[in-house]
Amino acid sequence: MMKYSVFSLIKQALNGHQGWPMAWRNPEPKKHYDVIIVGGGGHGLATAFYLAKNHGIKNVAVVEKGWIGGGNTGRNTTIVRSNYMPDENAHFYEWSLKLWHQLSEELNYNVMFSPRGVLNLAHTEGQRDALFRRGNRMRLNGIDCEWLTREEIARAVPHLDCSDTPRFPIIGGLIQRRGGTARHDAVAWGFARAASNLGVDIIQNCEVQGFVREGNRIVGVETSTGRLSAGRVGIAVAGNSGRVAGMAGLKLPIETHVLQAFVSEPLKPIIDTVVTYGAGHFYVSQSDKGELVMGGDLDFYPSYGQKGNLPIVEEAITAGLQMFPILSRVRMLRQWGGVMDMSMDGSPIISKTPIDNLYLNAGWCYGGFKATPGSGWVFAHTIANDAPHAFNQGHTLERFANGKVIDDKGAGPTPQWH
Amino acid sequence: MQLFNCPFCGPRDQSEFTYVREAAPVPALDASQATWQAYVYDRDNPRGPHREWWHHNHGCRQILELVRDTLTHEVSSIDAARGSQVTK
């Protein structure tokens with residue numbers, strides 16, 4: 001693999017950029033792998049990378065039904081943060097955030113991580129108290145956050161309407177300055193390239209259609225291009241977890257919902273942080289190309305169609321205009337939908353399963369992107385050691401049966417409300 | 001925008017309705033913990049036709065049972081949800 005550096009850039013520039021090699025290999029599948037990861041999204045690729053790097057397990061395949069970067073990894077609003085309350089989630093996401101801060105160096109690939117801060121607004125005294133509580137719990141877990149008054153917010157985000165005019169005036173907000181955004185495609189490509197460089201086989205256009213079992217043990221996968229034998233198999237196919245786990249006879253505490261996102265035409269820099277609305281559900285940041293990247297609520301019904309309905313578009317944009325009246329004449333460039341694994345307590349499942357040698361990484365709800373490096377780190381540990389890492393000990397599949405749910409929002413077993 | 005043909009109110013905008021959950025037989029009160037756990041938490045979550053309960057909360061306020069395709073969003077049947085079978 002060619003190392004990317006200023007020297008390689010100069011050398012290739014002098015050659016008219018004709019000498020750049022493929023970023024990752026495109027190998028013929030072997031007959032047997034020590035570990036097969038089902039799903040070539042960010043989580044699957046990160047898992048393969050850390051299996052090779054942290055655990056020395058290099059005979060690994062990542063099997064992807066489509067192409068790298070074509071799933072949810074390339075369909076999100078790229079927000080990275082760790083402002084969680086329950087200890088299990090706080091430690092896990094904080095570890096993930098720490099990995100983000102050095103990810104470009106680790107992968108030798110610019111994932112354009114930008115710690116520009118994530119600001120959650122409060123519009124009522126009740127919300128203010130809830131954010132104080134969240135902030136206090138974050139600080140007790142050693143995670144940074146800061147309360148900003150309305151005046152401080154008005155200075156930090158000049159176009160935000162901080163007057164008394166809106167129906168729900170802003171009274172303050174909680175900011176996590178170490179949070180921010182990253183370039184989503186680059187995360188998939190960077191992990192794919194780094195994993196491939198360590199010997200991982202990335203097999204695209206190859207759909208897993210079943211599992212090969214011996215008794216209660218998984219020994220391989222059936223794919224659209226033939227059978228692959230495996231020592232251990234990890235599932236990382238958020239959005240389709242129920243379908244893939246169903247092939248192994250598992251029924252999951254997950255419903256698949258569609259979440260839409262929107263991108264505006266490119267504008268000059270006007271928002272240099274991530275801002276989330278508190279009186280509804282809306283979040284916005286500005287990409288390096290100048291486009292405003294926006295998201296809102298789920299459509300609130302189960303869907304595998306990667307498309308949404310108009311009422312949610314209207315609701316999200318209404319909230320956005322309440323925050324930023326300056327945007328009223330901005331045009332939308334595009335809109336799309338991604339399929340979310342909505343779990344029954346709003347927290348992910350990174351776990352062993354009742355079937356030997358089968359491991360599950362699922363249930364990422366709205367927030368799988370930010371977890372990408374941390375998820376790969378602990379899932380690789382779980383597969384390599386057949387036991388969870390300290391940071392995913394609580395994220396088991398059994399927690400729903402034994403009452404140890406990790407319910408950050410307190411919404412109960414209604415996946416669409418998390 | 002999608003229309004749901006409510007058996008009581010006629011064709012109405014989907015935004016009048018709220019999805020409740022996957023339709024499933026409600027366990028008896030003295031059913032085992034495992035049965036209740038499966039009812040409360042586990043889902044078939046199919047990609048295709050899905051039997052589910054919706055609440056017409058901005059209309060007749062009845063709970064309806066739909067068969068709706070989760071890939072195409074096409075509704076193939078809609079009726080009042082009645083007499084959920086109780087299992088032990």
- line: Share of Cα-Cα pairs in chain A beyond 27 Å, whole percent, is 51 percent
message: Keeping every protein chain present and rolling a 1.4 Å probe, give me the accessible area per residue for the stretch A:138-288 in Å².
response: 38 Å²
- prompt: Hey, how many Å between the Cα centroid of the stretch A:278-343 and the Cα centroid of the stretch A:148-188?
  reply: 16 Å
statement: Inter-chain shielding metric for A:296-309, i.e. average beta-carbon neighbours from other chains within 10 angstrom, reads 5
task: Output the residues of the stretch A:363-404 meeting this criterion: accessible area (heavy atoms, 1.4 Å probe) in the chain alone minus accessible area with all protein chains in place is 40 Å² or greater.
output: A:F400, A:A401
message: If the rule is a partner Cβ under 4.7 Å, which cysteines in the protein assembly as shown fail it?
response: A:C145, A:C162, A:C206, A:C365, B:C60
field: Heavy-atom surface of the stretch B:1-65, accessible at 1.4 Å and reported per residue (Å²)
entry: 52 Å²
message: Please report the carbon-and-sulfur percent of the accessible area for chain B; probe 1.4 Å, protein heavy atoms only, DNA, RNA and ligands left out.
response: 51 percent
Structure-based [θ]222 nm, chain A - -39500 (n - 2.57) summed over DSSP H runs of at least 4, per residue, nearest 500: -8500 deg cm²/dmol
- prompt: What would the Debye formula give as log10 I(q)/I(0) at q = 0.10, 0.15, 0.16, 0.23 Å⁻¹ for the alpha-carbon point model of the stretch A:182-294, no solvent?
  reply: -0.53, -0.91, -0.96, -1.29
query: Placing +1 at every Lys and Arg Cβ and -1 at every Asp and Glu Cβ, with all other atoms neutral, what dipole size does the protein assembly as shown have around its Cα centre, in debye to the nearest 20?
result: 960 debye
query: If you take every DSSP beta bridge whose two residues both sit in the protein assembly as shown, what share of them, in percent to the nearest 5, is antiparallel?
result: 75 percent
query: Out of the DSSP beta bridges found with both residues in chain B, what percent are antiparallel (nearest 5)?
result: 90 percent
- prompt: Considering protein heavy atoms only and a 1.4 Å probe radius, which residues within the stretch B:44-84 exhibit an accessible-area decrease of no less than 20 Å² in the full assembly relative to the chain by itself?
  reply: B:D44, B:N45, B:R47, B:R68, B:T70, B:L71, B:H73
Accessible area in square angstrom per residue, the stretch A:1-84, 1.4 angstrom probe: 50 Å²
message: Quick check: at a probe of 1.4 Å, how many percent of the accessible area of the stretch A:1-91 sits on carbon and sulfur atoms?
response: 58 percent
Shielding by other protein chains, A:337-349, mean Cβ within 10 Å: 1
field: Listed peptides A:175-181, B:40-46 by packing density, highest first (mean Cβ within 10 Å)
entry: A:175-181, B:40-46
- prompt: Considering only DSSP states other than H, G, I, E and B, which trypsin sites (Lys or Arg not before Pro) in the stretch A:283-346 qualify as loop sites with at most 15 other Cβ atoms within 10 Å?
  reply: A:K289, A:K307, A:R329, A:R331
13 Å beta-carbon shell around A:D185, net charge (K/R +1, D/E -1): +3
Of all accessible heavy-atom area on the stretch A:284-418, the percent that carbon and sulfur account for (1.4 Å): 54 percent
- request: Can you tell me the 0 to 90 degree angle between the C-alpha axis of helix A:184-197 and the longest principal axis of chain A, rounded to 10?
  value: 30 degrees
- prompt: Put +1 on the Cβ of each Lys and Arg and -1 on the Cβ of each Asp and Glu in chain A; which of A:N309, A:F369, A:A319 then has its Cα farthest toward the positive end of the dipole?
  reply: A:F369
task: Kindly sort A:S114, A:S351 by accessible area of their heavy atoms, largest first, with the probe set to 1.4 Å.
output: A:S114, A:S351
query: How big a patch of accessible area, both sides summed and in Å² to the nearest 100, lies buried between B and A at a 1.4 Å probe?
result: 2300 Å²
statement: Among A:K53/A:K98; A:K98/A:K268; A:K98/A:K289; A:K307/A:K352; A:K53/A:K404, the pairs whose Cα-Cα distance exceeds 22 Å are A:K98/A:K268; A:K98/A:K289; A:K307/A:K352; A:K53/A:K404
task: Could you tell me whether the stretch B:19-79 comes out rounded, prolate or oblate from its Cα gyration tensor? Rule is a ≥ b ≥ c as square roots of the eigenvalues, rounded for a/c under 1.5, then prolate if a/b exceeds b/c, otherwise oblate.
output: oblate
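The values are calculated or read from the model by the stated rules, or taken from the named source; none is laboratory data. Small disclaimer: the values here were computed from a predicted structure and weren't measured. Methodologically, a virtual Cβ is constructed for each residue, glycine included, from the backbone with ideal geometry; neighbour enumeration extends over all protein chains shown. Side chains are part of the model used for accessible areas, which takes the heavy atoms of the whole protein and leaves out ligands, DNA and RNA. Shrake-Rupley method; radii C 1.70, N 1.55, O 1.52, S 1.80 Å.
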